[in-house]
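Each value in this text was obtained by applying a stated rule to the coordinates, not by laboratory testing. Note that this is a predicted model, so its numbers are computed, not measured. In this analysis, Cβ positions are derived from the backbone assuming ideal geometry, glycine residues included, and neighbour counts consider all displayed protein chains.
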Amino acid sequence: MKESVGNQSIVFEKPPAITGAASTVGPKEGEGPLASYFDEVCDDPTFGQDSWEKGESEMMRRTVEKAIKKSNVPKYDIKYIFGGDLNGQLIGTTFGLKDMNMPVFGLYGACSTCGESLSLAAMTVAAEYAKSAVAVTSSHYGSAEKQFRFPLEYGNQRPLSATWTVTGCGAFVVSSKSETVCPHITAVTTGKIVDYGIKDSFNMGACMAPAAADVIYQNFKDLNVRPDYYDKIITGDLGSIGKKILIDLLFEQGYDISHQHDDCGLMIYDNEAQDTHSGGSGCGCSASTLAGYILQNINSGKWGRVLFVPTGALLSTVSYNEGETIPGIAHAVVIEQK
């Protein structure tokens, strides 16, 4: 059912299908250029709840329910949920999924979590441990910013290297078969932790770009392909600074991805009009952009094959305050129309 390729990749003999996907975002994301691609834009950043954290859980619950409904897969055929967020101890996922009565794997890969959850869901389905599984990831500006940086009421000056945490969620139903033509996950390349010694939490792009370069390079080597094998190579949330670093690092390795590359953090906001500095971030950034914009372009036939590479900065308030570096990780998922 699967074939290991090279050092870090799996090419699926029978690629799992993404039979349903849904995206939910907050008001700022609804003012951006991708607004029409999202399933729901909520004008209330708390989603009708009395805290940002509860609002994020509600956002996740709604998004999973939408994805399952759109997939036409019966709930009893969904064996596992792979989910994660940026909150401490994954409370966004815990309280968002606790009433669904399904087995849950809570995941933390920082902003790479969407790639991690999709990879694990695809591997589980391809190995025939489940007919269907859900992958879901969310982030929230209010809950993430106060946890990793400063209280919002502090009103601190943001450096130009900083990114804006996306309030958004993407959910995907991954199934062993589909009754219709839809995107399939044909391969995955699991990333390694890469540490370039960067300690600036306001420059996430620089922290994550080396890990993105590493996993993209490994995907090329494992699958024996060049950048033009893909119609698009889309990273998670490197922003304008991380994008340049990524392109430069891969160019040094003999790969020019400048014609194929784009970044969810640069796609989801209009930086000039919305003043998000380096762009968007948060694990809901890549998840909501994939569920909305990217999959719709694959479904329409505009893109035939996409390398989707969510990127994460692996830090905590403890590690940061103890002077540790901020390592990065990224996971690559090959998505094709079948």
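Here are a few things to note about the model shown:
- Pairwise label distance in nanometres, Asp50 with Tyr229, each label 7 Å out on the Cα-Cβ vector: 5.4
- Length gained on full extension, Glu179 to Ala273: 29.6 nm, using 0.36 nm per residue less the C-alpha separation.
- Stretchable slack from Arg305 to Phe202, in nm (0.36 nm times residue separation minus alpha-carbon distance): 33.8 nm
- Spin-label zone in segment 263-283 - amide nitrogen under 11 Å from a point set 7 Å from the Cα of Asn297 along the C-beta vector: 263-264, 267-268
- 13 Å beta-carbon shell around Phe220, net charge (K/R +1, D/E -1): -2
- Read-out volume of the Cα convex hull per residue in Å³, derived from the coordinates shown; its label in (1) 120; (2) 129; (3) 150: (1)
- With each label modelled as a point 7 angstrom along the Cα→C-beta vector, the Asn101-Lys69 pair spans 1.9 nm.
- The Cα atoms of segment 2-175 cover 51, 36, 32 Å along the three principal axes, with the biggest extent listed first.
- R0 of 45 Å, Cβ-Cβ distance Lys79-Ser319: FRET efficiency to nearest 0.05: 0.85
- Fluctuation leader among Arg61, Arg305, Arg226 - the chain, Gaussian network, Cα springs under 10 angstrom: Arg226
- Most to least packed among 43-55, 26-38 [average Cβ atoms within 10 Å]: 26-38, 43-55
- Cβ-defined net charge surrounding Thr289, 12 Å radius [Lys, Arg +1; Asp, Glu -1]: -3
- Taking packing as the residue-averaged number of other Cβ atoms within 10 angstrom, the listed peptides 285-294, 266-275 run from highest to lowest as 285-294, 266-275.
- Taking other C-beta atoms within 10 angstrom as a stand-in for reagent exposure, Ser281, Ser176 fall in the order Ser176, Ser281, fewest first.
- Computed from backbone phi with θ = phi - 60° and the Karplus coefficients 6.51, -1.76 and 1.60, the 3J(HN,Hα) list for segment 260-276 is 9, 7, 8, 9, 4, x, 9, 8, 7, 10, 8, 4, 5, 7, 9, 6, 9 Hz; x is used for glycine and proline.
- Cα-based values for segment 210-338, radius of gyration first and Dmax second, are 15.0, 49 Å.
- Counting neighbouring beta carbons within 10 Å and listing from fewest to most, the residues Val188, Val136 come out as Val188, Val136.
- Radius 14 Å from Cβ of Phe95, net charge of other residues (Lys, Arg +1; Asp, Glu -1): -2
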